[in-house]
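**Q** Take this structure, written in structure tokens, and hold onto it; I'll ask about it next.
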Amino acid sequence: MRYVSTRGQAPILSFDEAMLTGLARDGGLYVPEAVPTLSQGDIAALAGLPYEEVAFRVMRPFIGDAFSDDDLAGCIERSYQGFGHEARAPLVQLGPNHFLLELFHGPTLAFKDFAMQLIGQLFQLALSRSGQRVTIVGATSGDTGSAAIEAFRGQGNVDVFILYPHGRVSEVQRRQMTTPSETNVHALAVHGDFDDCQAAVKDMFNDFTFRDEVGLAGVNSINWARVLAQVVYYFTAATALGAPHRTVSFTVPTGNFGDIFAGYIARVMGLPIDQLVVATNQNDILHRCLTNGEYRTSGVTPTISPSMDIQVSSNFERVLFDVYDRDGAAVAQLMEELKTKGGFKLSQGALGRLRETFASGRASEAETAATIKAMHHQTGEVLCPHSAVGVRVAGAHLGATPMVTLATAHPAKFPDAVEAATGGRPPLPNRMADLYERPERLTEVANDLSAIETLIRERRTH
Ligand SMILES: *Cc1c(COP(=O)(O)O)cnc(C)c1O
């Protein structure tokens, strides 16, 4: 299995190389040269299997000979042991033909754990084989950082630096990043917003001297292995609802287009998905783009769903690569326009192809809060604000096809917004009830590339 860059100018890599590399050296993102497919029979056989077994069967064809069957199975087994639910990704019903896929039972209470726990295991195996050490640098709007720290804390051959926007993450998110005591963990509070953090990470990858000096590795959803791990739960959910004999739709609360891109890959693999509905908060670049064909950034507005306060959706580049017939030069040109002019217009052909798969909608702050309240009242389910954006947008797309909305975080991660809507404060699960008592450790840093690079050079433990 070979991986190519969306901009067509970087070396072709194997699965493990693409995983350890993160961003391609031409600034693009790695994607499989050809997406493997599963037959109807293969998909039918997944119904009712344990999550780990489905994960193995779905991911195996993407991995080639980078990991043996036993190694992969072992990594998957260890990845999901710490989850608080036997099903890993349980489905609950919200209303007629509307289901919620709860992805928040992992160690840091957001869907990011599904992928991060697995790449933590895969990195450890790959690095111990090669004797390499790496410096992981990640940008977070809150949940990626806590999931990455949880997955890599204490690993001997890894330092993990997480850049988060100072003052713009929830207290639970911050504490999950600042309370681990392992010396290989470094939480950096950047004076800027999430897009600044993400841009700094991308700039570090494009600073080849720095990149090679520290052995930079990336675990943002620019990393293909993250996307792959998220493909799995589309299969468990759809087969539970009757796929491949029945078609299923999904609504996905989106910021960086990572989670929904995993659904797109599941569809390309042969899973009968009708619609993939992009659900945004008022930072709605993706909804606007699917509506009028123009991908144009405007400032980020803070919302009660902070993990989606994003205006530059990294993984959108991966789907552009497909709708531009895998023409790397065309994608590179669009990304250049984005950088220099703040946006670009899609060709009619590309927009038409996007709309064959994707629909979209946006939820305002008031609609999000009202949805948390209504769902609590009608079903007893307490939604986090991100999941509520999804449920609200899904409401406009319900019909004869079963709809699955992804619940991306546990309500206790955003207790203020939930309390404001329902009047009740959602408690943390017992296993992390002492989070508010643990001492915090963080470093504030200016939104300045060289200041951040200097800090990373100084703090690395190797
Ligand atoms: C990361 C995150 C999202 C957005 O996911 P993308 O892959 O960036 O689209 C939505 N909700 C929560 C809770 C998240 O942590």
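The values are calculated or read from the model by the stated rules, or taken from the named source; none is laboratory data. Note that this is a predicted model, so its numbers are computed, not measured. Reconstructed Cβ throughout: ideal geometry from the backbone, glycine too, with neighbour counts over all protein chains shown.
**Q** List pairs: first in segment 3-26 and within 15 Å of Val219 (Cβ to Cβ) and in contact (Cβ under 8 Å) with a residue 40 or more places away in the chain, second surrounded by 15 or more Cβ atoms within 10 Å (Cβ to Cβ) and of a type in the set (Lys, Arg), Cβ under 7 Å, 6+ apart or cross-chain?
**A** Leu23/Lys202
**Q** Condition first: over 29 Å from Ser5 (Cβ atoms), more than 21 Å from the chain's Cα centre (by Cα), touching a residue at least 40 places away in the same chain (Cβ under 8 Å) and assigned to a helix (DSSP H, G or I). Can you find one or more residues in segment 44-51 that meet it?
**A** Scanning segment 44-51 turns up at least one residue that is over 29 Å from Ser5 (Cβ atoms), more than 21 Å from the chain's Cα centre (by Cα), touching a residue at least 40 places away in the same chain (Cβ under 8 Å) and assigned to a helix (DSSP H, G or I).
**Q** Are any residues in segment 317-333 of a type in the set (Asp, Glu) and more than 16 Å from the ligand (Cβ to nearest atom), and if so, which ones?
**A** The initial filter retains those residues of segment 317-333 that are of a type in the set (Asp, Glu), namely 317, 322, 325, 327.
Listed by number, the residues that qualify are Asp322, Asp325, Asp327.
**Q** Please list, ordered by first then second residue, the pairs with beta carbon atoms under 9 Å, 6 or more apart or interchain, first in segment 242-254 and within 16 Å of the ligand (Cβ to nearest atom), second in a loop (DSSP other than H, G, I, E, B).
**A** Val252/Thr408; Pro253/Asn281; Pro253/Ser305; Pro253/Ala363; Pro253/Thr408; Thr254/Ile310; Thr254/Ser313
**Q** Next question. Run down Ile304, Ile285 and say which single residue is under 24 Å from Thr368 (Cα atoms) and either acidic (Asp, Glu) or touching a residue at least 40 places away in the same chain (Cβ under 8 Å) (or both). Explain how you work it out, then say what you get.
**A** Working: Ile285 fails: either acidic (Asp, Glu) or touching a residue at least 40 places away in the same chain (Cβ under 8 Å) (or both).
Ile304 is the lone residue from the list that is under 24 Å from Thr368 (Cα atoms) and either acidic (Asp, Glu) or touching a residue at least 40 places away in the same chain (Cβ under 8 Å) (or both).
**Q** Taking segment 66-94, which residues are over 24 Å from His105 (Cβ atoms), out of contact with any Asp or Glu (no Cβ under 9 Å at 6 or more places or on another chain) and in contact (Cβ under 8 Å) with a residue 24 or more places away in the chain? Spell out the reasoning first.
**A** At the first step, the residues of segment 66-94 found to be over 24 Å from His105 (Cβ atoms) are 66-71.
Cutting the leftovers down to out of contact with any Asp or Glu (no Cβ under 9 Å at 6 or more places or on another chain) gives us 68-71.
Correct list: Asp71 only.
**Q** Which residue pairs have Cβ atoms under 6 Å apart, sit 6 or more places apart or on different chains, and have a first residue in segment 139-164 that is in contact (Cβ under 8 Å) with a residue 60 or more places away in the chain and farther than 18 Å from Asp203 by Cβ and a second that is within 12 Å of the ligand (Cβ to nearest atom) and β-branched (Val, Ile, Thr)?
**A** Hits for this filter: Gly142/Val169.
**Q** Working carefully through the options Phe261, Phe210, find the one that is buried (at least 24 other Cβ atoms within 10 Å of the Cβ) and among the aromatic types (Phe, Trp, Tyr).
**A** Result of the check over Phe261, Phe210: Phe261.
**Q** The conditions are (1) within 13 Å of the ligand (Cβ to nearest atom); (2) over 17 Å from the mean Cα position of the chain (by Cα); (3) charged (D, E, K, R), and Arg226 fails exactly one of them. Which is it?
**A** Unmet condition: (2).
**Q** Filter segment 29-43 down to the residues that are in a loop (DSSP other than H, G, I, E, B) and surrounded by fewer than 19 Cβ atoms within 10 Å (Cβ to Cβ) and list them by number. Please lay out each step first, then the result.
**A** As a first pass, look at segment 29-43 and keep what is in a loop (DSSP other than H, G, I, E, B): 29, 33-39.
Residues satisfying the conditions are Glu33, Ala34, Val35, Pro36, Thr37, Ser39.
To keep it simple, each residue is scored yes or no on (1) at pLDDT 95 or above; (2) more than 14 Å from the ligand (Cβ to nearest atom); (3) surrounded by fewer than 24 Cβ atoms within 10 Å (Cβ to Cβ).
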position	(1), (2), (3)
Glu365	yes, yes, yes
Ala370	yes, yes, yes
Cys384	yes, no, no
Arg392	yes, no, no
Ala409	yes, no, no
Val418	yes, no, no
Pro429	no, yes, yes
Ala433	no, yes, yes
Pro439	yes, yes, yes
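**Q** Those residues that are more than 16 Å from the ligand (Cβ to nearest atom) and within 15 Å of the chain's Cα centre (by Cα), I need them from segment 115-126; list them, please.
**A** Gly120
**Q** So which residues in segment 278-299 are surrounded by fewer than 23 Cβ atoms within 10 Å (Cβ to Cβ) and of a type in the set (A, V, I, L, M)?
**A** Passing the criteria: Ile285, Leu290.
**Q** Check Ser314, Ser307 and return the single one that is within 11 Å of the ligand (Cβ to nearest atom) and surrounded by fewer than 22 Cβ atoms within 10 Å (Cβ to Cβ). Can you show your working first?
**A** Numbers: Ser307 fails: surrounded by fewer than 22 Cβ atoms within 10 Å (Cβ to Cβ).
Result: Ser314 is the single residue among Ser314, Ser307 that is within 11 Å of the ligand (Cβ to nearest atom) and surrounded by fewer than 22 Cβ atoms within 10 Å (Cβ to Cβ).
**Q** Looking at the structure I just gave you, is Phe344 among the aromatic types (Phe, Trp, Tyr), farther than 25 Å from Ser249 by Cα and either surrounded by 19 or more Cβ atoms within 10 Å (Cβ to Cβ) or more than 19 Å from the chain's Cα centre (by Cα) (or both)?
**A** yes
**Q** If you scan segment 127-174, which residues turn out to be surrounded by 21 or more Cβ atoms within 10 Å (Cβ to Cβ), more than 21 Å from Ile222 (Cβ to Cβ) and more than 13 Å from the ligand (Cβ to nearest atom)?
**A** Across segment 127-174, the qualifying residue is only Arg174.
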